[in-house]
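Peer 1: There's a structure below that I have some questions on.
The values are calculated or read from the model by the stated rules, or taken from the named source; none is laboratory data. As the structure is a computational prediction, the values presented were derived from the model and not from experiment. Heads up, the Cβs are rebuilt from the backbone with ideal geometry, glycines too, and the neighbour counts pull from every protein chain shown. Areas reflect the complete protein model, heavy atoms only, side chains present, ligands, DNA and RNA absent. Shrake-Rupley method; radii C 1.70, N 1.55, O 1.52, S 1.80 Å.
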Amino acid sequence: TLMFSSNVGCILWGQRLSDEVFLDRLRRFGFGRRTGIDLSPESSGALMPLRRVNKLTKAYMSIGQSVAVTQAQVLQAYAALANGGNLVTPHFAQDFPVERTPAADPRVLGTLRDILFQTVEAGTGKKARVEGVAWAGKTGTAQKAVPGKGYIPGSYVSSFMGWFPAQHP
């Protein structure tokens, strides 16, 4: 279901987790806090506090609503998926010392990498496919929001995040 951007599948996955574990997984991938990227100022994005998380808000969060993330956080999370689960601070040069923090179980990440490969091969990311190169990635569609007012009907931001080669980026 993830390969075809199934909101229902993502919501069902989110509902299987307790509220505490759900938020923990988001935080372990770097959401809700600054990445430490060598740019300033950097926003921490926004995750709702545990006291406000319930079945409905978890459904929204499972498909990317009711959260605010930065491009650097998305980059950091995808890098963890691609590199075997290590959350690293993004930098603009190669010679920085790298501190690695495990973001998830390597077996789970391997399955997710396979799914993201299939997303490019046969799912919503087919347009990113390059003959002879094994890509992995995910498409995204987000409704534009107005702070304090909600979402703008019919107004969206589309994205794609991926890496290659899929198994050894």
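Peer 1: In debye, nearest 20: dipole of the chain around its Cα centre with unit charges on the Cβ of K, R (+) and D, E (-)? Before the final figure, lay out each step's value.
Peer 2: Numbers: 19 positive and 11 negative charges, 125 e Å.
In debye, rounded to 20, the chain gives about 600.
Peer 1: On to the next question. Can you give me the solvent accessible area of F164 with a 1.4 Å probe, rounded to the nearest 10 Å²?
Peer 2: Around 110 Å² of this residue is reachable by solvent.
Peer 1: Tell me which residues come under 5 Å, amide H to amide H, from N86 once H is placed; ignore anything under 5 positions away on its chain.
Peer 2: The list, which skips near neighbours in sequence, is A103.
Peer 1: Within the chain, count lysine pairs with alpha carbon atoms under 30 angstrom apart where the residues are 8 or more positions apart or belong to different chains.
Peer 2: Lysine pair count for the chain: 12.
Peer 1: Further question: Counting only heavy atoms of protein chains, what accessible area per residue, in Å², does the chain have with a probe of 1.4 Å?
Peer 2: Counting only protein heavy atoms, the per-residue value for the chain is 63 Å².
Peer 1: May I pose another question? One quarter of the convex hull surface, Cα atoms only: what value does that give for segment 13-169 in nm²?
Peer 2: That works out to 10.7 nm².
Peer 1: Which FRET efficiency, nearest 0.05, do T101 and K126 yield, Cβ-Cβ r, R0 41 Å?
Peer 2: 0.80
Peer 1: Given springs between every Cα pair under 10 Å in a Gaussian network model of the chain, which of G132, G32, G64 has the largest fluctuation?
Peer 2: Among G132, G32, G64, the largest GNM mean-square fluctuation belongs to G132.
Peer 1: Relative contact order of the chain: what whole-number percent is it, with Cα pairs under 8 angstrom and at least 6 residues apart? All intermediate terms of the calculation are to be shown ahead of the outcome.
Peer 2: Values: 258 pairs, mean separation 33.5, N = 169.
Relative CO of the chain lands at 20 percent.
Peer 1: Leaving ligands and nucleic acids out of the surface, order S44, S158, S62 by accessible area at 1.4 Å, largest first.
Peer 2: Values: S44 40, S158 95, S62 20 Å².
Of S44, S158, S62, the descending order of accessible area is S158, S44, S62.
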